[in-house]
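Please treat every number below as a calculation from the coordinates, not as lab data. No experiment lies behind these values; they were computed from the predicted model shown. Positions of Cβ are generated from backbone atoms using ideal geometry, with glycine treated the same way; all protein chains shown enter the neighbour counts.
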Amino acid sequence: MKRLRLVAAILALAVVSAMGALPARAQYANEFYPAKLIKQGKTTTPWAGPGLVVLQVEIFPNGTFRVVKVIRTTNKGDVTAALEIAKTSIYRPAQRGNKPIQAFYDYTLKFGKRVVRSGDQLATGGELGHVDALIHAGEYADAKQAAGAYLLAHPDDALALQYLAIADYFTSDYQSAAQAFDKVTTIGAPFKEAAAQSFAAVSVQQAGSHPNQSLLYAQKAYALDSSPNSLYALGVAQFGVKQYAESIASLEKARGILFAQKSTPTATKVAVDSHLLQAYLQTGDTAKSNAMLAELKTLDPTGNPGAQFVGAFYLQQGVAAVKEHKPAVALAALKKAAAAGDPKISEIAYTQAAFVIVQSKKPDYNRVRSYAKKALAIDPNDPQALFARGIGEAGVGVVYHRADLTDRAKATLKKALKLAKAGNDASLVLQIQNFLKHLGS
């Protein structure tokens, strides 16, 4: 039934509110100093003649390096000499602030009668230096466009991918940022925090719809940055793939750190506790789930998140028991769902309980009416509850030979039919119409 989709929606609330658990964006404000050539190397290999060779050199924080590839050349006969020069040169690592970082250097060599090096360039050429400047200036859309254009010519350039990712990150396009970062084998130090937050954000968003991908992203986030934010995402993702014990361990660790920080927003605490509550329910830990429920009431006295999650949990159990043809188990779970305290879930649970009895071998139609009335006390215009009440009234009318109850049942069912049509619930409309025909109406 359409209305049971509410259960999934309620359970998804913790995932949605989880975005409140994400900390402020990583800072990317330290001044960037590109890698430089300190001393040009030499070659003993003759070159073929006039030409230009551009090599990509990866320079590490400790000053070591490796020649990655030939970006382009106008004379293939000059490449061997160019490679020898690059491999015997000395470089200064790039810096972010005062900290040396890994970066790339485009080494341009012009061959003629002698070898001439072009002037020092930014980390991977003028284009990416421009991208870096745009990011520092807050021109993220332009930075994204420039990085994208560069990647058309250099599709596997790691630094360009990271610039593209961080431009997406600063415009809150975490999905695109995570996809770009995911293409990079080794994420550079200046980008790690942003990459971790991007992976964590997308992991939380996808926990319900793409649980396996969510877990992969959460693991990447935690590997880059073992912060409570990454721990939280990992716990949510583990819950999504039903690793409940692991989820509890991750969430409890994140909770311990976050609750110890005075600056942690209440929304973040509610998000963490909400997921812990659900995980404790799944493992049958009544004591801890009750403790989380009490804490949620303290954290959010005007809201009702704990009641929603408890109610949704037992409602799911009740619906599952119905499918397994276990009416007694179903009714017990539905009673707990109704008692959790969330009005909408209580209404659905009472209605479901009424239909469980209807489908039994010897229906007690007075109980059907009783449950339906409880549901209608919450929402008098619920077509499902009205249908259940109509069935109950009709059943009691037949058992006790009371024509007045049969007539009342027809009126109740006609109201339910009108509301079902207004709600475009074709399945319910057909069921009510068939039952009315059975009554001779």
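Here are the numbers:
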read-out	value
Filter on 335/415; 297/374; 253/336; 76/113 - keep pairs with C-alpha separation over 19 Å	335/415; 297/374; 253/336
Listed residues 302, 43, 171, most fluctuating in the chain (Gaussian network, C-alpha, under 10 Å)	302
Residue order, fewest to most beta carbons within 10 Å, for 90, 59, 348	90, 59, 348
Set of aspartates and glutamates with alpha-carbon distance to residue 269 below 16 Å, sequence-local pairs under 8 removed	252, 295, 300
Relative contact order [Cα under 8 Å, 6+ residues apart], the range 35-121, whole percent	40
Ranked list, fewest to most other Cβ atoms within 10 Å of each Cβ, for 270, 398, 429	398, 429, 270
Straight-distance crosslink candidates among lysines, where the alpha carbon sits under 30 Å from residue 99 and sequence neighbours closer than 8 are dropped	36, 39, 42, 69, 87, 144, 183, 192, 220
20 Å Cα-Cα reach of residue 418 towards aspartates and glutamates, excluding residues that sit fewer than 8 places from it in its own chain	347, 379, 382, 393, 407
Among 362, 99, 336, residue whose mean-square fluctuation peaks in a GNM of the chain (springs only between Cα atoms under 10 Å)	362
Cβ-placed point charges (K, R +1; D, E -1), dipole of the chain about Cα centre in debye, nearest 20	1040
Estimated inter-spin distance, residue 99 and residue 260, nm [label 7 Å along Cα→Cβ]	2.2
Fewest-first sequence of 368, 204 by Cβ atoms within 10 Å of each Cβ	368, 204
For the range 382-387, 3J(HN,Hα) per residue [Karplus equation, 6.51 cos²θ - 1.76 cosθ + 1.60, θ = phi - 60°, Hz, x = Gly/Pro]	7, x, 5, 5, 5, 4
Candidates 424, 290, 229: whichever shows maximal mean-square fluctuation once the chain is modelled as a Gaussian network with Cα springs under 10 Å	424
